[in-house]
Amino acid sequence: MFDDPIVLETRQHREEYAASLGYDLDRIVADLQSRQGCDGRLVVDRTSHGKSEQSEAGETSAQSVPNSDSTSRSP
């Protein structure tokens, strides 16, 4: 099997990064979140905005789908 040097380097960096934070997922997430936006790129917060729209869309689409049991049948 071919070992891609870019993949190997990426995995090595990932391992070193995780080890530097004690493989603690909470610390890793907190560190990554603290770095967001530091390079000037826009960070979109969808914590509350997306959920209300999704639930409304789900209710609407669920109401518009015909129920197969409610189809009229001739006796």
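The values are calculated or read from the model by the stated rules, or taken from the named source; none is laboratory data. As the structure is a prediction and not an experimental result, all values here were calculated from the model. Virtual Cβ from ideal backbone geometry, glycine too; neighbours counted across all protein chains shown.
What the table below lists for this structure:
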{"quantity": "Unmet criterion (only one of (1) surrounded by 10 or more Cβ atoms within 10 Å (Cβ to Cβ); (2) small (Gly, Ala, Ser); (3) modelled with pLDDT under 55) for residue 18", "calculated": "(3)"}
{"quantity": "Residues located in the stretch 21-45, provided they are at pLDDT 95 or above and not in a loop (DSSP other than H, G, I, E, B)", "calculated": "25, 26, 27, 28, 29, 30, 31"}
